[in-house]
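The values are calculated or read from the model by the stated rules, or taken from the named source; none is laboratory data. Just so it is clear, the structure is predicted and the values come from calculations on it, not from any experiment. Please note: Cβ atoms are built from the backbone with ideal geometry, for glycine as well, and neighbour counts cover all protein chains shown. In case anyone asks, the SASA skips ligands and DNA or RNA and just uses the protein heavy atoms, side chains included. Shrake-Rupley method; radii C 1.70, N 1.55, O 1.52, S 1.80 Å.
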Amino acid sequence: MFAARLSRCLQLLNMLQSRVAYNATELAREFNVSERTIYRELSLLANAGVPLRYDAKKRGYVVAHQFDLCSSRLLPEELVSLLLASHIFSLSCDREVGRHLRQAIGKLLSQVPATLRMEITNLLSRVGGKPCTSSWPEWRHSAAEEILRALRQKRPLRIAYCEPGCDKVGVRTRVDPERLMASGGHWYLVGRSSWHRRVCRFDLQHIKDVEPTDSESEANERPVNCA
């Protein structure tokens with residue numbers, strides 16, 4: 001439900017920024033929902049800081065010309081979370097909805113400062129697969145944030161990982177992250193491991209610890225106790 005509403009709100013914002021006015025009846029027909037739902041979504045956008053107004057001459061709703069996504073009340077991390085959630089949903093929905101959602105993401109990104117836009121683009125380009133809505137693991141927020149930050153900034157990190165089926169011994173290894181992939185109801189961090197000396201995939205549910213790093217030597221790689 002949340003993912004569908006998020007998709008609808010982003011597409012709605014995209015339409016209203018086109019400078020073409022739409023009334024509630026037209027929007028309800030476009031999204032195949034009730035007018036009551038449209039008014040609810042318009043209220044949500046307005047509460048999020050989008051300067052919506054009803055243009056009496058055009059007989060429809062528009063977004064103010066001076067609107068800049070970055071000048072709204074969205075903080076950078078909130079924007080990253082919004083676009084990441086939209087991107088993940090676009091991977092799991094049908095082709096047509098996914099296409100419109102990706103277009104909306106692209107238009108929103110065009111209004112973001114260059115440095116942040118590059119970071120977000122790096123992150124979205126490295127998150128793929130075919131996720132299902134229940135496949136994101138119950139996981140420590142700080143560890144998830146560290147992995148997403150490393151993907152955004154293209155920098156290595158260090159993880160403590162216990163292989164499935166091995167209850168006592170795992171490894172602590174430096175990883176150059178390449179992608180975050182969904183497959184078979186699981187999420188995997190894909191990257192080159194200095195311990196394994198090859199590209200590996202690590203099931204997020206079996207990553208016990210994550211910490212930032214720069215270029216520490218491989219001599220620090222070692223087994224860890226996973227008990």
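Observations, loosely collected:
- Meets criteria (of a type in the set (Asp, Glu) and modelled with pLDDT of 90 or more) for residue 178: yes
- Just one of (1) part of a loop (DSSP other than H, G, I, E, B); (2) modelled with pLDDT of 85 or more fails for residue 66. It is (2).
- Count - residues of segment 20-61 that are closer than 30 Å to residue 119 by Cα, of a type in the set (A, V, I, L, M, F, W, C) and either at pLDDT 80 or above or assigned to a helix (DSSP H, G or I) (or both): 5
- Of all residues in segment 103-124, those that are open to solvent by 70 Å² or more (accessible area, probe 1.4 Å) and at pLDDT 85 or above total 3.
- If you go through segment 187-202 and keep only what is touching a strand residue (DSSP E or B) at 6+ places or on another chain (Cβ under 6 Å) and either open to solvent by 10 Å² or more (accessible area, probe 1.4 Å) or touching a residue at least 40 places away in the same chain (Cβ under 8 Å) (or both), you end up with 188, 189, 190, 192, 194, 195, 199, 200, 201, 202.
- Meets criteria (open to solvent by less than 50 Å² (accessible area, probe 1.4 Å), modelled with pLDDT under 85 and among the aliphatic types (A, V, I, L, M)) for residue 3: yes
- Note on segment 182-207: among residues that are of a type in the set (Phe, Trp, Tyr) and under 22 Å from the mean Cα position of the chain (by Cα), the one that is modelled with the lowest pLDDT is 187.
- Tally, over segment 33-68, of residues that are open to solvent by 80 Å² or more (accessible area, probe 1.4 Å), within 22 Å of residue 85 (Cβ to Cβ) and over 23 Å from the mean Cα position of the chain (by Cα): 1
- Residue match in segment 77-86 (condition: modelled with pLDDT under 80 and buried (at least 16 other Cβ atoms within 10 Å of the Cβ)): no
- Under the condition of being over 15 Å from residue 150 (Cβ atoms) and out of contact with any Lys or Arg (no Cβ under 8 Å at 6 or more places or on another chain), the residues counted in segment 196-209 number 7.
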